[in-house]
Amino acid sequence: MKENPEDTITEEREELMISPSGKNPTRRPAHLLLKPSVSSIEGPVFHLPSGTFLSPTSTDVSLRVEFKGCREHTHTWKSWFDRMHSIHQSTWKKAGIYEAIVSSTYQIRLHREIVLGFAEKWCSDTNTFVFDWGEGTITLEDVLVLGGYSVLGKSVITPLEIREMVEIDNKLMKGRREIQKSKSNRADQSKWGKLFMRSGSEIEHEAFLVLWLSRHVFPNSHR
């Protein structure tokens, strides 16, 4: 059954795409999200509610902004990815995370001003961006299309019930404790990779996925 374009928030059309270097613009298919709800600027303008928004472009706020999710991949990560990809790509596709893992090897250029500009429109009371033409927010469809993440599955806090999964979890925690015995007394991503990458461990793939999740999906300040 053909999908009705009106039933989605995405719009596909050809647009002029420019490379990060600014050279050789070409026309390519583009997927546009958060389609405007109006087609004309004529008529009354939607006014933003006052007192609800922060202004990240002001000096005192912007200095505290961190972009933890925008990290360049390292040579070590790319090497480990290539090894795991040759063995487990079919598993990733079956789990619905193939595109998301592959995207972790790309260089994503951060445009700080654009991000802060969007942040100015964020309303914490409604968890939406309030634009002049109406509201919009991040949906599961955005997560699926932009990030390549699967929107199916159980909650991450669901207790492990399968014995094999419990054993894998115990082995991963054992590796974490082993790293914590170092002088720094904490488990960081670099030491995790050194412990498991090309180790021949039976849980090397699971350890790779743990690093992918902690570095590219749920990033924090520890590297």
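The values are calculated or read from the model by the stated rules, or taken from the named source; none is laboratory data. Since the structure is predicted, the reported quantities are computational estimates derived from the model, not experimental observations. Cβ sites come from the backbone with ideal geometry, for glycine too, and all protein chains shown count toward neighbours. These accessible areas exclude ligands, DNA and RNA; they are computed on the full protein's heavy atoms, side chains included. Shrake-Rupley method; radii C 1.70, N 1.55, O 1.52, S 1.80 Å.
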Can you tell me which of (1) loosely packed, with under 13 Cβ neighbours inside 10 Å; (2) of a type in the set (S, T, N, Q); (3) at pLDDT 85 or above is the one Q107 doesn't meet? (3)
Considering only region 156-166, I want to know if a residue exists there that is modelled with pLDDT of 85 or more and open to solvent by less than 60 Å² (accessible area, probe 1.4 Å). yes
Is it the case that V151 is touching a strand residue (DSSP E or B) at 6+ places or on another chain (Cβ under 7 Å) and under 25 Å from S103 (Cβ atoms)? no
In region 113-155, residue most open to solvent (accessible area, probe 1.4 Å) [restricted to those that are hydrophobic (A, V, I, L, M, F, W, C) and in a loop (DSSP other than H, G, I, E, B)]: L152
